[in-house]
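Please read the structure below before turning to the comments.
The values are calculated or read from the model by the stated rules, or taken from the named source; none is laboratory data. From a predicted model like this one, the values you see are computed outputs, not experimental measurements. Quick reminder, even Gly has a Cβ in these numbers, built from the backbone with ideal geometry, and neighbours come from all protein chains shown.
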Ligand code: ATP
Ligand code: MG
């Protein structure tokens, strides 16, 4: 009866409708992959705004990545007919929401990874520690999230925190802790509290204890908390996430209403028949995922001898499925009948356990002329030239950011360390006021004579008025040529990434907040629209693709064996399960001569053996790597 006449509810099943329209103060939707949890969350927001007339400024949705936030916003704009209907609503990751709050209420300079590393290095040097900056920062992060953080002393930890405080900067973890502290002290005003009147959280199974405390603080005075997730897809245990958070929710909200969804709308029965027996090897109640779609292609099991032949198989298979070549003969599977057109490149995803696996796959795709985009955390954000360029724009966005200023001076204008530091000191205390040409001039007057600072002032004056108006890519390109920087691969990657953005300040935040699924590099000639997607299993969470290739389903890789810690079999199994359940129409599991132990947990009858052509591999080897 609820759905009658309301187009927002028309396409939803009864349980989904119940979740969308519920007036319970706290509601959990616990359900398997592809059951429409995210769709339900989006529909609920649309319903709250258009039917219940809730103000968008009283709604906050928490997503796991910046990209998921952008997608959600887009879907809502479509459902509600434009941007205006959404004005004032907050959608973002925990970090983005906290950054926004801290910026509004007093200002904060967010340290990026390189900045944090520099502070860590300074402490390491001052205290003569035998640690890398990365190891130091890992220990700091564990401590800030309430863990033991062995490896660094209280004193070293305090020194690091002190340095950050003095420079007015916050690292990634501070964003959450500082926001929580403000809430616990009752600082936020009514308007800010109202923002969380309707709080919705996607991927709830992956929140860590501090994030849980934030939710509790935010939701306390709110009207409705809506948490959706799937404990079987909890894959961030290694970072402190705790799937038991649903149980804590039940304890903290005794009247919690729980809804389960069972219809799977995403995958064919064939895909689900592979996924369910696998995940049933983990303890827990019997899982139910009822297929909604009709039968499709069997799940392929491809045995390849090497990573090279794996890459070649995948590249050729994609080429055939897109090109619509003689599919039956090649063993490729035609698009199902309910798909009117054939496949385009963006219908394919290649998933793997570790970033390192991407390189070979990229080579093979390039060889076949297949456009692709790789999602992933990248090291080249910390390369010298990129740091200098980003430092320059960060400084323009936030004159308090003396560290960025120092970097820009050194890298772009060849300024000696000592001079750049004393110049940077001039800016401390600038507060979080906007940089203006007048401020720039007043502060720089004393230094204008210095050979290295003059050009910086000039460049800053020239770029400042353009920051808000022009696209990041153009600004970066012009800065590079103004400073005669050589286009290194790292700078090229930065430019490639900037293409997806229209606003410099948002781009800088996005880079600093960046999570794995948000960072991308591509072949250069093809951007997201028409490209095959490459990403880790972690990065694929929440996404879906018509055709999925799961790489390296072999011993040592899935579950991943590392020298440092034994594999957490249950978490690795969940990760494999997440990968499998991304597939809509077709799934290929690529195994090596020694298959993953998890393959034995899947009934052989539900897998179709596919042979990769060894001759093709040999020929390609010659052309890929030159003559032997
Ligand atoms: P995951 O756990 O992987 O994040 P999910 O539960 O969030 O999955 P969604 O991504 O919301 O699932 O939905 C999966 C697919 O099913 C989407 O393509 C969505 O549009 C479709 N879908 C969801 N509910 C329905 C429905 N009632 N009718 C038709 N399609 C639906
Ligand atoms: Mg989802």
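Residues in region 57-114 that are over 17 Å from residue 41 (Cα atoms) and assigned to a loop (DSSP other than H, G, I, E, B): 10 in all.
Per this entry, residue 255 is not counted among residues that are within 22 Å of residue 609 (Cα to Cα) and either more than 27 Å from the chain's Cα centre (by Cα) or buried (at least 20 other Cβ atoms within 10 Å of the Cβ) (or both).
In this structure, is residue 284 surrounded by 15 or more Cβ atoms within 10 Å (Cβ to Cβ), more than 16 Å from ligand 2 (Cβ to nearest atom) and in a loop (DSSP other than H, G, I, E, B)? Spelling it out, it is not the case that residue 284 is surrounded by 15 or more Cβ atoms within 10 Å (Cβ to Cβ), more than 16 Å from ligand 2 (Cβ to nearest atom) and in a loop (DSSP other than H, G, I, E, B). Restricting attention to region 10-24, and to residues there that are in contact with a helix residue (DSSP H, G or I) (Cβ under 9 Å, 6 or more places away or on another chain) and farther than 25 Å from residue 70 by Cβ, which single residue is farthest from ligand 1 (Cβ to nearest atom)? Filtering region 10-24 for residues that are in contact with a helix residue (DSSP H, G or I) (Cβ under 9 Å, 6 or more places away or on another chain) and farther than 25 Å from residue 70 by Cβ, the one farthest from ligand 1 (Cβ to nearest atom) comes out as 22.
Select from region 210-238 the residues that are more than 21 Å from the chain's Cα centre (by Cα) and either within 16 Å of ligand 1 (Cβ to nearest atom) or in a helix (DSSP H, G or I) (or both) and list them in ascending order.
Residues satisfying the conditions are 213, 216, 217, 218, 219, 226.
Does residue 241 fit the bill of being more than 30 Å from residue 296 (Cβ to Cβ), in contact with a helix residue (DSSP H, G or I) (Cβ under 7 Å, 6 or more places away or on another chain) and part of a strand (DSSP E or B)? Criteria not met by residue 241. Here is the figure for region 459-471: residues that are under 12 Å from residue 392 (Cβ atoms) and either touching a residue at least 40 places away in the same chain (Cβ under 8 Å) or surrounded by 14 or more Cβ atoms within 10 Å (Cβ to Cβ) (or both) total 5. Filtering region 243-252 to residues that are farther than 18 Å from residue 542 by Cα and crowded, with 19+ Cβ neighbours inside 10 Å leaves 245, 246, 249. Taking the criterion of being assigned to a helix (DSSP H, G or I) and within 21 Å of residue 572 (Cβ to Cβ), would at least one residue in region 249-265 satisfy it? Taking every residue of region 249-265 in turn, none turns out to be assigned to a helix (DSSP H, G or I) and within 21 Å of residue 572 (Cβ to Cβ). Do we have residue 207 as within 16 Å of ligand 1 (Cβ to nearest atom) and either under 22 Å from residue 91 (Cα atoms) or modelled with pLDDT of 90 or more (or both) here? Considered against the rule, which asks whether it is within 16 Å of ligand 1 (Cβ to nearest atom) and either under 22 Å from residue 91 (Cα atoms) or modelled with pLDDT of 90 or more (or both), residue 207 comes out as yes. Assess whether residue 65 counts as being surrounded by fewer than 20 Cβ atoms within 10 Å (Cβ to Cβ), within 30 Å of residue 396 (Cα to Cα) and either out of contact with any strand residue (DSSP E or B) (no Cβ under 7 Å at 6 or more places or on another chain) or modelled with pLDDT of 90 or more (or both). Criteria not met by residue 65.
Selection within region 1-37: residues that are at pLDDT 95 or above, in a helix (DSSP H, G or I) and farther than 18 Å from residue 288 by Cα. The member of this set that is farthest from ligand 2 (Cβ to nearest atom) is 21.
Meeting the requirement of 1 or more residues that are modelled with pLDDT under 95, more than 16 Å from ligand 2 (Cβ to nearest atom) and surrounded by fewer than 22 Cβ atoms within 10 Å (Cβ to Cβ), the strands (runs of 3 or more DSSP E) wholly within region 537-628 are 607-611. Residue count for region 236-255 under the criterion of being more than 23 Å from residue 98 (Cα to Cα) and modelled with pLDDT of 90 or more: the result is 6.
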